[in-house]
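Below: the structure, in structure tokens.
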Amino acid sequence: MTSRLALALLPLIAVRPVAAQVTLQANAGFLDRRLSDGGAVEQQAGFIAGGGIALGMGRVAFSLSAVGGKLRAPTDRLTEDADYTRIAGELTVPLAPPVALSAGVVGSVFVTRVGAQRWITPRVSLELRAPFTSIPATAYFAGSAIVGPSTNAAASPKGGMAIRAGVAGRPPVALFVEYQLERLAFEGIAPRQEQRGEVLVGIRITPRPQASKST
Amino acid sequence: MTRPVALAWILLLSPATTHAQAAEQLLTQGRQAFDNLDFEQAARLFTRVLDVASGATSSERDTAQLYLGVSYEYAGQRSNAVSAFRALIRTNPCLPTPEQYGAGVTAAYVEAQGGVFAVGPCELRRQEATRETGAVFRIAATRPAFVRALLADSTGRPLADLGEVEASGIAQLRWTDLPDPSALPPQRARYQLVLRARAAQGGETDERVLPIMLSVPSVDTTPLPPPPGVRDFRPEQRSIAPAVGDLAKGLGVGIVAVAASSVLAYQTLGSETTKAIGVGGVISVAGFVAFITGSGHRTIEENREYNAALRRAWESQRDSIVATNQSRRANRPIVIEPGEVRR
């Protein structure tokens, strides 16, 4: 029985060629982080840069990206400057030609002279894509629900929302412009509010697809 | 009432058919008298056949004229015989010398030939002539002559010069430059073949008018191909709808980005409008560029070339069939038939 089951499952687990499409990305942008605990508004903003890689296999795409930069605080306030680093991983599955569903995790770190504040924000996103017919570009808009965020900060986030909108060219070489806005809601008596706005411009390069082997 | 008187009354009172019957009857009586060696009576009867009032056909006239000459010769009236033969030769120069009636008749006929300058056709039969083969007429001249043939309409108005031939005895006149059959009526139409002769020596001339009938039978032609239908053509211009759709996409996504930003951003933390409008504006501009591009390049060159090739193929096929039909019509044979001879 066991040997028969193994034989039956063999075609499923055997190594077979799948056309894999790799896309490399380089981007730079401006990030504006603001928070308030009911009093003054703290702000950190600065230029960020980074890159990423996306691997498309059939209908599924997995992307991994990282950005970092120096966020400055206004000198007239008590906010500290911070070194910002963010790493994001996301799995995307198209539901229909104009709609894609993605799930991923974003981990970010704000390092100041006082200490390091780490955030992990899992999220689920629905993206609407509107490809232009006359030019090789696609406009898109995505809404995300941040589910179960965690942080080492004193406040306890209970969730959040994010949007992403932009326009991007099509492979093999594509420029893109993107706007992101993310806001978090917190529990507790103090009405803490936090949001991150970001504009990114970058380039995506998709080399000629090559057959790879996947299990 | 005696029989000749009764016959005269019949000739005077009866219509043309009765005249024809009278001519035939006179000819039969004349031949009976000739066979009974009553040559003077035969000559009188043949003379009456030649009377215009007898209504004799051209063939009966030629027969009567020949027998009249022979009868005169057998009756010992050489001068009358020569006169009768001259009349016969003048109307029908193609007849051979009647040697079967003996040396006397032959001598009289030869004498008659020497005194007559005449030209005429020989055995004009039905023929089908094309512009490639031409038409052939056999003509005869009693003496060497230059004979010019003309085609004239029924009123005698010359239509075409068929050429000139030098004839001595019997000669062939070939009409090569036939008219375009398309210019001729499909039904049989009356024309005239005019032969104008001038003797090679001396100033004698003669002219003979021969009625002929020309007709052009119809010819099978290939029907023209129908032009391509509307469904056969491909659209040469793209719809403007995709371009409008692109504009709507760009404007829509841009507006949604700005609106979602203003809804989502905490008002207490400050505005996100600048960044949202900036990127939303870029998205909208992309949609506008797509609209301009799409509405400005709507011509589908591939389909335009396909449609042009479709038209050219149909025109080529049509022109080929038109040329073939024209060739068939132009090469239709012209049917030439002898017309009714009236003297």
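Worth pointing out:
- Degrees, to the nearest 10: A:2-13 long Cα axis against longest axis of chain A: 70 degrees
- Compared with the dominant principal axis of the Cα atoms in chain B, helix B:301-330 is inclined by about 0°.
- Size-normalised alpha-carbon gyration radius of region B:182-277, reference 2.2 N^0.38 Å: 3.63
- Exposed loop sites, defined as GluC sites (Glu not before Pro) outside DSSP H, G, I, E and B with at most 16 other Cβ atoms within 10 Å, are absent from the longest region of chain B, namely B:1-122.
- Acute angle (nearest 10 degrees) that the helix B:78-91 long axis makes with the longest principal axis of chain B, alpha-carbon atoms: 0 degrees
- For the pair B:Ser262 and A:Val99, a Förster radius of 22 Å applied to the C-beta separation gives a FRET efficiency near 0.35, rounded to the nearest 0.05.
- Surrounding net charge for B:Val219, when Lys and Arg each add one and Asp and Glu each subtract one, Cβ distance under 12 Å: +2
- Total formal charge among the other residues, if their Cβ is under 12 angstrom from that of B:Arg31, Lys/Arg +1 and Asp/Glu -1: -4
- Three semi-axes of the equivalent ellipsoid, chain B, Cα gyration tensor, whole Å, largest first: 97, 22, 12
- Spatial extent of the protein assembly as shown: Rg and Dmax, with the Cα atoms as the point set, Å: 57.9, 169
- Summed over qualifying helices (DSSP H, 4 residues or more, each -39500 (n - 2.57)) and divided by its residue number, chain B shows a 222 nm mean residue ellipticity of -16000 deg cm²/dmol.
- Most positive-pole-ward Cα, B:Phe233, B:Pro98, B:Val256, against dipole of the protein assembly as shown from beta carbon charges: B:Val256
- Residues in region B:193-224 reached by a label modelled at B:Val136 [backbone nitrogen below 11 Å; 7 Å Cα→Cβ]: none
- For A:Gln117, the residues whose amide H sits under 5 Å from its own are A:Phe110, A:Val111, A:Thr112, ignoring neighbours fewer than 5 places away on the same chain, with H placed 1.01 Å from N.
- Normalised by residue number, the volume inside the convex hull of the Cα atoms of region A:59-215 is 157 Å³ per residue.
- Electrostatic dipole magnitude of region B:97-188 [Cβ: Lys, Arg +1; Asp, Glu -1; Cα centre; debye, to 20]: 160 debye
- For chain B, built as a Gaussian network whose Cα springs stay under 10 Å, the top-fluctuating residue of B:Gln32, B:Gln187, B:Gln267: B:Gln267
- Given R0 = 41 Å, the distance between the Cβ atoms of B:Ser79 and B:Val219 translates into a calculated FRET efficiency of 0.10.
- Comparing B:Pro226, B:Pro179, B:Pro211 in a Gaussian network model of chain B (Cα springs below 10 Å), the most mobile by mean-square fluctuation is B:Pro226.
- Sorted by Cβ density within 10 Å, fewest first, the residues B:Tyr72, A:Tyr140: A:Tyr140, B:Tyr72
- Relative contact order computed over chain B (Cα-Cα under 8 Å; 6+ residues apart), in percent: 14 percent
- Local electrostatic count at A:Pro172 - Lys and Arg +1, Asp and Glu -1, tallied over other residues with Cβ under 15 Å: +3
- The length gained by stretching the chain between B:Glu128 and B:Ser327 to full extension, at 0.36 nm per residue less their Cα-Cα distance, is 69.9 nm.
- Helix-derived mean residue ellipticity, 222 nm - over chain A, DSSP H n ≥ 4, -39500 (n - 2.57), to 500: -1500 deg cm²/dmol
- Dimensionless Rg over Rh [region B:104-194; C-alpha; Kirkwood]: 1.06
- Per-residue mean of foreign Cβ neighbours for B:271-279 is 5 (Cβ atoms of other chains, 10 Å radius).
- Nearest-0.05 FRET efficiency for B:Arg298 and B:Arg188, computed from C-beta distance (R0 51 Å): 0.25
- Relative contact order computed over chain A (Cα-Cα under 8 Å; 6+ residues apart), in percent: 21 percent
- For the protein assembly as shown, with +1 on Lys and Arg beta carbons and -1 on Asp and Glu, the positive-most of B:Gln201, B:Ala290, A:Ala137 along the dipole: A:Ala137
Rule-based calculations on the coordinates, nothing more; no lab input. Note that this is a predicted model, so its numbers are computed, not measured. Because the Cβ atoms are built from the backbone with ideal geometry, glycine has one as well, and the counts that use them run over all protein chains shown.
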